[in-house]
Every structure is written in C-alpha cells, then in structure tokens.
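The values are calculated or read from the model by the stated rules, or taken from the named source; none is laboratory data. The structure presented is a predicted model; accordingly, all values stated were derived computationally and were not measured. Cβ placement follows ideal geometry from the backbone for every residue including glycine, while neighbour counts extend to all protein chains displayed.
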Amino acid sequence: MNKRPVTAALLIAAGFALAVSANGHAGRRAEPGRVADRVSLPARHLALVGDRRYTMHAGVRPLLVFWIRRDNVGSARVQFREGPNGARGWEMTVGSDPNRAPRRINRWGYLSEEKNAAGILLLGVMKASDEESLEEAKGSIERERQAGGFVYKAIRSEVTGDSGRTAISHVSVDQDLSYRELEQLLPLVSADDAAQRAFRLPPGVRGGYLGTIAEIVNASVAWHRSGRTGPRIEGRGFKYLYNANPYEMTLTESKHRASATFKGHDFKEIVEGQFSVTNQKTGGKTDFRLDFGTAGDLAGIPVHVVWKPKWWLEVELVLDQVGVY
C-alpha cells in the first residue's frame, strides 16, 4: 500500500511530523534580502487567540529488530487565529533540533491555513527529503553539506468557490536552517518561479489539514461534554485538501480517560483518539494517535500525539505550555 503521498500531507500539516517526501530538489538559489515577490502568509492577519508549545520525543530504528529512543529532540508550536465573519486560521511549525536529534537529523515543516467566507488559503514550507531509511537520511545530510546547498519546498493553494489553483516551488539556501530560522526563510519563498495549475474542488472538501483536525476534535469534545448523547463522530469521514489532492480523515476510535501522564506531564479529562487518513486518489492510508482535552483551558487542544511517518522513525509530541504568548 502506497503511504508516501499520505505521509507527505501529514508531516507538514498540522497536525505533526518530521520529514516530508519531495518531488525533486531543483530550485533557485535564494538571493539574500529579496522580498519583493514574497508570498503572502495565510492567517497572519487574523487575531492570535491561542498559542501552544510541544516538546518532541523520537525513536529511530537502524535495524528492524530494535528502537533507539531519545527525549526532547525538537519542538512544535500551534497557533490559533480568529477574524471577522467567522474567519479561522491555524499555523503549525514542527521539527527536530539537529543538536539533539539522533544522527543530527534536521527535518521540519511549517503549515499555515486560513478558512474564511471567500474560501481557503494554504501554505506549506518544509525541509525537502525523500529518505526511506535512517542511513539514507544521514547520507542525505552529508551530501547537502558537501554540495553547499539546502533545499526547501513550498506548496501554495488557494480555493474560491468550487475552483482553486496550486503551485509547488523550491528555494535553495547556503545554510542548513532549522525550524528556529523559519522567519528567516519565509521571505525567500517566491511566488514567481512556480507554474500554477488550476483544479476543481472535489465534492465534500471543506478545508485544510489543520482545520479538519480542529473540526473533528471539537465535534468529539461536544459529544463527550453533552453526556455522550446523539450520533457519535467515530467512523465519519471528513474531507480536506492538500496540494489540490483530496484526503479523508476519520476518527476511528476514541476513549475517555479521567487522567493520563505523558513524559511526566499530567492531564485530566482527555480523549485518546485513533485517527486514519486516506488519500482519495491512491487509497494510501496513514494512522496516528492524537489525545485531546475535553474540559477547561484544554478543551479541544491536542495534548499528546504519536505516529510513525517512516518505518524507521516514530515521533511523539507532548504539550508543555498552555496559554496565549
């Protein structure tokens, strides 16, 4: 079963991962200070209403028989935004810290989404990679250093009504930037070097990856807080868009837990959720676990995430700060 297209969608999104497949590494060399053609960032103009930070833990499997696990190897940040007329926005940055990650792996991604009355805006930027093993990842890093160029991939999509357009571009820089240098890279993402292609919005698609997670989580929270009356959310497919391709996300199973502890952090009144994402074009599937709060300041907020974006890599995120920053 082909999982790569689904993995690519999951890892930059949203909701949480570490490495993303890239369709080719060709790209222009960024010109320092060039900002005249910078792309606009969805959601940035909306008011910030929530800002959550996460610590990343990871396991790598150099062989099929055992895992090597390490704590605190990276970070994630998810921001929630709101605007007039029901506009909603989400931003997520997630990545490994090469100073702490196994084999100095530096893989990260950024996703910005906005859903408003006019349509949907999506921007994803990620460290381009196509490794299928830990050794390939290590070799790729060394080849980048020797070549003196580090490639980042940007995917931009815009939907108005039932039609949209999308474009993929690449930018090459001289420095191996980490997620901490996101704001340094964003001005270099150009809108003038990528051919756009038009598409029709598939039936039933209502948003992007982050917005879809929020919709499913909020629906599940409402069901649990209502005394578990009415139809359950489990098994219901929610369609979303990534790079003009339709995906369907499903909460396949959920279990209420009065309390839980993840990496020394205690949480109360949470739902342990098992999710599945299906690429509607290829049929490829990816499963992941996302636990979220149902009460107080954590209602609707992911507190713990686990998945395996590659057979040799497992990523775990744990909420470590709460509030607006």
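A few points about this structure:
- Whichever residue in the stretch 70-111 is among the polar types (S, T, N, Q) and under 14 Å from Met126 (Cβ atoms) and, among such residues, is surrounded by the most Cβ atoms within 10 Å (Cβ to Cβ): Ser96
- Members of the stretch 42-57 that are surrounded by fewer than 18 Cβ atoms within 10 Å (Cβ to Cβ) and part of a loop (DSSP other than H, G, I, E, B): Arg44, His45
- Per-region count, the stretch 172-187, residues assigned to a helix (DSSP H, G or I) and touching a Pro at 6+ places or on another chain (Cβ under 8 Å): 0
- Residue check for Trp67: surrounded by 16 or more Cβ atoms within 10 Å (Cβ to Cβ), in contact with a Lys or Arg (Cβ under 7 Å, 6 or more places away or on another chain) and either of a type outside the set (A, V, I, L, M, F, W, C) or at pLDDT below 95 (or both): no
- Flag if Arg232 is surrounded by 12 or more Cβ atoms within 10 Å (Cβ to Cβ) and within 20 Å of Phe288 (Cβ to Cβ): yes
- Test set (1) free of Cβ contacts under 8 Å to residues at least 60 places away in the same chain; (2) within 19 Å of Leu319 (Cβ to Cβ) - Ser276 fails condition number: (2)
- Lone qualifier among Ser129, Ser96 - being modelled with pLDDT under 85, within 16 Å of the chain's Cα centre (by Cα) and at negative phi: Ser129
- Candidate set: the stretch 207-225, residues that are more than 17 Å from Arg81 (Cβ to Cβ) and touching a residue at least 60 places away in the same chain (Cβ under 8 Å); chosen: the one surrounded by the fewest Cβ atoms within 10 Å (Cβ to Cβ): Arg225
Residue-wise test of (1) touching a Cys at 6+ places or on another chain (Cβ under 6 Å); (2) on the phi > 0 side of the Ramachandran plot; (3) touching a residue at least 60 places away in the same chain (Cβ under 8 Å).
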residue	(1), (2), (3)
Leu241	no, no, yes
Ala244	no, yes, yes
Met249	no, no, no
Ala260	no, no, no
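- Condition met for Glu114 (surrounded by fewer than 17 Cβ atoms within 10 Å (Cβ to Cβ), among the acidic types (Asp, Glu) and at pLDDT 95 or above): no
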